[in-house]
Structure formats: C-alpha cells, structure tokens
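Participant: Dumping the structure here so I can ask a few things about it.
The values are calculated or read from the model by the stated rules, or taken from the named source; none is laboratory data. This is a predicted model, so every value here is computed, not measured. Note: ideal-geometry Cβ built from the backbone for every residue, glycine included; neighbour counts use all protein chains shown. Side chains included, ligands, DNA and RNA excluded: accessible areas come from the protein's heavy atoms. Shrake-Rupley method; radii C 1.70, N 1.55, O 1.52, S 1.80 Å.
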Amino acid sequence: MTLHSTPITMWFDHRIAYRKSPIHGTGTFALEAIPAGTTLVLVTGGIIYDPKDAENGTLPFDGMLYNGERLSDTQYIATPLAHHYCMNHSCAPNVIDLSRHPATSHRVTLRDIQPNEELTHDYYTRETLEVCLCGSALCRWKA
Ligand SMILES: [Zn+2]
C-alpha cells in the first residue's frame with residue numbers, strides 16, 4: 001500500500017456551526033446574518049489512496065471519519081470530515097459549491113442568510129437518492 005498526501009487546507013467562516021438538523025443528522029447553521037456571496041467553507045487536499053486498499057480493508061485510517069472522492073480508477077482522496085461534509089442537501093439550496101475539483105469544496109452563500117438558518121446545498125442525483133428529506137416546496141424528488 002502506498003499513501004500520498006496533498007496539503008490539507010480547511011477554512012471555515014466563524015459564523016457557522018454544527019447543530020442537530022431537522023432535515024437529517026448533523027447540519028451546518030448560521031450563527032448570525034451572513035450576506036449573499038460570502039465564502040463559508042474552503043477545503044482542499046487530503047490523503048490519496050488506492051481504492052483496492054479500501055475494498056481489502058487495509059487502509060490505516062477509519063474511512064467513516066473521512067469524505068472519500070474519486071480522482072481516477074486507481075486514486076481516491078480522503079479528507080477529514082468537516083463542514084463540507086455536514087451540510088445537508090436541499091432542492092432549494094442557499095449555498096453553492098463553486099469548486100470543479102472532487103477534492104476541493106468552496107461553498108458560497110447564494111442569498112442573504114438569516115441567523116439560525118440551516119445552510120444547504122444541492123448535491124443529490126438520481127444515482128445517490130433514495131428519499132429526499134429537504135422538505136422544500138420546490139423539492140424535485142417528492143413522492
Ligand atoms: Zn428535495
């Protein structure tokens with residue numbers, strides 16, 4: 001097994017925090033008003049590994065504590081779980097991820113955010129969705 005690492009950068013706005021979410025599990029919430037166009041989360045880098053090692057159970061870290069993303073058939077990248085992971089899906093999101101690279105998250109507010117509002121972004125696809133819990137009137141996955 002060969003592991004490589006790329007420098008991990010994690011930056012989070014001080015006005016966001018984890019709380020229990022009415023949508024699902026743990027969510028990310030605004031502690032105070034945040035204007036539209038504000039960068040809330042910037043995460044890059046991680047540990048690069050061969051997905052065969054994950055299938056064989058030989059990775060030297062607990063995959064449940066990392067967000068894994070595919071870079072190629074032979075390279076995946078694991079980044080420690082943080083705000084880029086604990087942000088729930090909504091079909092009417094108030095945050096967008098501007099990153100075009102699987103190992104990078106750059107989350108920015110789409111509109112003005114109110115204090116205590118849950119921050120959400122749109123990441124569901126037909127492949128990953130079983131049930132959408134977003135509760136939005138605009139939900140495109142309603143039964
Ligand atoms: Zn929905």
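Participant: Given (1) surrounded by 12 or more Cβ atoms within 10 Å (Cβ to Cβ); (2) under 17 Å from PRO93 (Cβ atoms), identify the lone condition not met by PRO22.
Facilitator: (1)
Participant: Still on this structure, please answer the following. Taking TYR49 and the conditions (1) touching a Phe, Trp or Tyr at 6+ places or on another chain (Cβ under 7 Å); (2) open to solvent by 70 Å² or more (accessible area, probe 1.4 Å), which numbered condition does it fall short on, given that it satisfies the others?
Facilitator: Tallying (1) touching a Phe, Trp or Tyr at 6+ places or on another chain (Cβ under 7 Å); (2) open to solvent by 70 Å² or more (accessible area, probe 1.4 Å), TYR49 fails exactly one: (2).
Participant: Output the number of residues of segment 72-107 satisfying the condition of being of a type in the set (Lys, Arg) and surrounded by fewer than 17 Cβ atoms within 10 Å (Cβ to Cβ).
Facilitator: The qualifying residues number 1.
Participant: Of all the residues that make up segment 1-15, how many are in a loop (DSSP other than H, G, I, E, B) and over 18 Å from the mean Cα position of the chain (by Cα)?
Facilitator: 3
Participant: Follow-up. So how many residues does segment 20-39 have that are touching a residue at least 12 places away in the same chain (Cβ under 8 Å) and assigned to a strand (DSSP E or B)?
Facilitator: Final tally of qualifying residues: 7.
Participant: Further, regarding this structure: Could you please let me know if ALA143 is modelled with pLDDT under 90 and within 12 Å of the ligand (Cβ to nearest atom)?
Facilitator: Here the answer is yes, as ALA143 does meet what is asked.
Participant: Look at segment 101-139 and say how many of its residues are of a type in the set (D, E, K, R) and at pLDDT below 85.
Facilitator: Residues that pass the stated criteria total 3.
Participant: If the requirement is being at negative phi and within 15 Å of the chain's Cα centre (by Cα), which of these qualifies: TYR18, TYR49?
Facilitator: None of the others qualify; the one that does is TYR18.
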